[in-house]
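One structure is given here, and the rest of the page talks about it.
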Amino acid sequence: MKAVFYLFINGLKIKKMSRDKILAAIRQNQPALKPLPSLSGLNQCTFEAKEQYKNVLKSIGGHIVEVDNETEIVQYIRENYTQGHRFITTLPQFAPIAETNWSDNDPHDLENVELMLMAGTFGVAENSAIWVTEGGLGQRVAPFICQNLAIVLNAHDIVPTMHEAYERIGSADYGFGVFIAGPSKTADIEQSLVLGAHGARTLVVFLVNGA
Amino acid sequence: MSHATQDHATLSKQFNKDEARVNWHDETLWFVRQKRDKMAFSLSEWELLRGAASAIKDNVLSNLHDYLVEFEAKAQQNGVHVHWAANGAEHNQIVHSILKNHGVTQMVKSKSMLTEECHLNEYLAKNGVEVIDTDLGERIVQMREEPPSHIVLPAIHLKKEDVGETFHQHLGTEKGNKDPQYLTEAARQHLREKFLTRKLALTGVNFAIAETGEFVVCTNEGNADMGAHLADVHIACMGFEKILPKREHLGVFLRLLARSATGQPITTYSSHFKKPREGQEMHIVIVDNGRSTQLGRADFRNSLKCIRCAACFNTCPVYRRSGGHSYHTAIAGPIGSILAPNLDMARNADLPFASTLCGSCSNVCPVKIDIHDQLYKWRQVLVQEGHAPLSKKLMMRGMTFTLSNPKVYRLGGKIGRWALRNAPFMVNNGLNPWFSQRDMPEAPKESFREWYLKRQKE
């Protein structure tokens with residue numbers, strides 16, 4: 001018993017040794033302190049945010065569907081996705097067309113999801129990325145494992161660049177957060193662009209106009 | 001340590017045997033460089049962003065100790081296990097010990113140049129662990145038992161015919177089918193099964209935030225997320241220079257990274273991992289492996305600013321025409337050539353010479369690393385430390401003599417021009433490496449000096 005305890009303590013010591021050695025070497029070798037630069041003035045974009053958002057999303061393989069209300073979203077989903085397959089959502093108002101009670105399941109259970117519908121916290125005009133955190137995802141793997149992804153985004157919630165994006169995120173606490181820009185893609189075979197690598201094959205953004 | 005079995009020049013010669021393929025490689029990477037330009041020129045603040053990124057990294061390198069301690073404390077508060085590895089061997093042992101603790105012998109891995117640097121796959125294979133690389137390009141080269149030839153486009157040295165044949169052999173796709181859409185779909189099905197069955201996922205780290213203890217992983221394919229969110233255990237491995245002080249600094253780097261790498265406005269997924277998912281175990285391995293030594297070399301420490309975008313690869317006339325494998329190191333291209341000598345001077349002494357010093361790499365670098373200056377400085381260090389080959393030393397002595405004796409220099413020029421015009425067989429033969437894989441320009445009748453003197457007389 002004593003020997004096991006000794007080995008355990010020794011193991012911890014070795015572990016600690018590398019940490020201390022690395023940190024000591026860094027402290028010795030790092031140059032004199034240089035100040036952090038100011039981040040102001042880094043956005044010089046002149047575009048209109050919503051138009052830019054739409055154009056960039058189209059250019060990276062996503063689809064924009066402008067809607068005025070939820071009924072139009074339901075109608076679009078009924079007409080454009082294969083009915084009879086599994087649809088899931090984190091938004092209770094879409095319960096009539098999609099499952100809502102799945103966020104406590106084993107994530108592997110989402111393997112056969114055809115469509116995932118969720119809400120974006122905000123979008124970024126310069127690159128069409130949408131920010132979502134764990135709470136809005138239901139399960140972390142949900143927007144990746146589904147065959148098709150659809151995100152509801154309020155047209156008012158579009159910031160110009162990543163600088164405003166991080167201002168908006170601020171010091172928010174989350175376990176996991178992600179910017180999603182377009183469908184999953186690859187060009188690893190001879191630089192030919194193919195949509196649908198490992199994540200969602202398609203991305204539709206329902207841009208909600210109005211109040 | 002050991003000498004590379006073959007040096008850059010020899011390996012380039014092999015790559016250059018197939019002229020059509022070299023031309024294709026050259027043009028394809030130049031096209032990626034042009035896509036980068038289009039993105040860079042569309043932002044009037046591009047140079048301000050580069051300046052800010054470079055200054056943030058200067059601050060990081062000057063305060064690394066405190067940032068790393070802060071990052072570790074925050075990550076631990078977030079419920080993440082933090083490990084430190086002094087070198088590649090220790091990194092590999094740490095990863096293996098986590099696998100052993102969970103009784104796992106199969107895992108998925110998304111792109112991580114650090115694990116290539118540490119030769120993790122070979123180590124784990126020897127210890128009976130099966131590693132599946134899940135980035136499409138990395139999976140292709142893994143099946144072919146080759147290393148990646150580019151850090152962003154791992155299979156850029158291959159044509160679709162090659163991939164078609166590899167998938168036919170390994171995945172049973174139709175013989176002769178080389179359609180990228182069809183082949184990508186086959187890989188999607190093949191890898192989906194791996195994501196769904198593997199209990200442990202390893203990812204790289206693009207950025208780690210001292211202020212919050214979170215780390216960011218960027219992919220287009222979604223493979224890092226598919227692996228990490230389905231696995232019981234997530235291990236993220238990072239070189240210690242990946243640290244950024246604050247979350248807001250991500251705004252600068254995420255604007256630069258994908259634009260510089262592939263000419264996209266941002267990667268499809270920029271995933272921020274802060275805490276393990278409920279019931280999941282998350283580990284971060286922080287690796288030194290020579291970085292603290294590089295930090296102490298004033299001339300070379302800026303290489304630690306690198307964010308692995310590979311813009312310097314795509315623009316480099318030598319890389320484009322010699323291919324990634326000719327660099328015989330995990331990170332090829334200009335940046336690899338200034339990182340590798342720090343890891344093993346003798347083995348990588350040829351790499352700082354694999355450059356024309358044209359400076360294009362420094363001009364496209366999003367964090368303004370003085371790459372071509374460092375290539376030049378490494379040459380001085382390598383020669384002083386005795387790592388230059390004898391032929392180069394003799395040639396340099398010859399050049400010193402010629403260049404310090406104007407008469408000899410002028411005579412040499414005359415002989416050279418005469419030979420090029422009247423007796424090309426004397427220079428264009430197997431003994432003269434200047435003529436291999438290269439057409440020489442027509443030799444002028446007179447030198448600049450002769451022309452200038454004549455002009456003054458007129």
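Values in this text are rule-based calculations from the coordinates and carry no lab data. These numbers come from a predicted model, not from an experiment. FYI the Cβ positions are ideal-geometry reconstructions off the backbone, even for glycines, and counts take in every protein chain you see.
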Open item on the list: I need the GluC sites (Glu not before Pro) found in the stretch B:195-300, filtered to DSSP loop residues with at most 13 other beta carbons within 10 Å of theirs.
Closed with: B:GLU278
Task: Test item: B:289-298 mean partner chain Cβ contacts at 10 Å - done: 3
TODO: Would you mind checking which residues have amide H under 5 Å from B:ILE284's amide H? H placed 1.01 Å from N; only 5 or more apart, or other chain.
DONE: B:HIS81, B:VAL82, B:HIS83, B:ALA236
- [ ] Rounding to the nearest 20 debye, state how big the charge dipole of the stretch B:20-71 is about its Cα centre with +1 on each Lys and Arg Cβ and -1 on each Asp and Glu Cβ.
- [x] 340 debye
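Working from the alpha-carbon coordinates of the protein assembly as shown, get Rg over Rh, Rh being the Kirkwood radius.
Details: Rg = 27.1 Å, Rh = 26.9 Å.
Computed over Cα atoms, the ratio is 1.01.
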TODO: With an 8 Å cut-off on Cα pairs and a minimum separation of 6 or more residues, tell me the relative contact order of the stretch B:181-261 in percent.
DONE: 34 percent
- [ ] Mind pulling the per residue volume of the convex hull built on the Cα atoms of chain B? Å³ is fine.
- [x] 178 Å³
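Rounded, prolate or oblate: which fits the stretch B:45-289 when a ≥ b ≥ c are the square roots of the eigenvalues of the alpha-carbon gyration tensor, with rounded for a/c under 1.5 and prolate only if a/b beats b/c?
Oblate, because a/c is 1.5 or more while a/b does not exceed b/c.
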- [ ] Given the options A:MET116, A:MET162, A:MET17, state which has the largest fluctuation in a GNM of chain A using a 10 Å cut-off (strictly under) for Cα springs.
- [x] A:MET17
TODO: Shielding by partners for B:225-237, please: the mean number of other protein chain Cβ atoms within 10 Å of each residue's Cβ.
DONE: 4
- [ ] Return the calculated 222 nm mean residue ellipticity for chain B, to the nearest 500 deg cm²/dmol, obtained by summing -39500 (n - 2.57) across DSSP H runs with n ≥ 4 and dividing by the residue count.
- [x] -15500 deg cm²/dmol
- [ ] Please report the relative contact order for chain A, taking Cα pairs under 8 Å with a sequence separation of at least 6, and give it as a percent rounded to a whole number.
- [x] 23 percent
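Is the shape of the stretch B:392-457 rounded, prolate or oblate, going by the alpha carbon gyration tensor and its root eigenvalues a ≥ b ≥ c, with a/c under 1.5 for rounded and a/b larger than b/c for prolate?
The shape class here is oblate.
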TODO: Mind checking which of B:TRP434, B:SER337, A:SER18 is farthest towards the positive end of the protein assembly as shown's charge dipole, using Cβ charges of +1 (Lys, Arg) and -1 (Asp, Glu) about the Cα centre?
DONE: B:TRP434
Task: FRET efficiency, B:LYS457 to B:ARG417 (Cβ-Cβ, R0 22 Å, nearest 0.05) - done: 0.60
Open item on the list: Let me make sure I get this right: for the stretch A:49-208, a, b and c are the square roots of the gyration tensor eigenvalues over alpha carbons, sorted descending. Under 1.5 in a/c it's rounded, otherwise prolate if a/b > b/c, else oblate. Which is it?
Closed with: rounded
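What is the stretch B:392-457's relative contact order, in percent, from Cα pairs under 8 angstrom and six or more apart in sequence?
Relative CO of the stretch B:392-457 lands at 26 percent.
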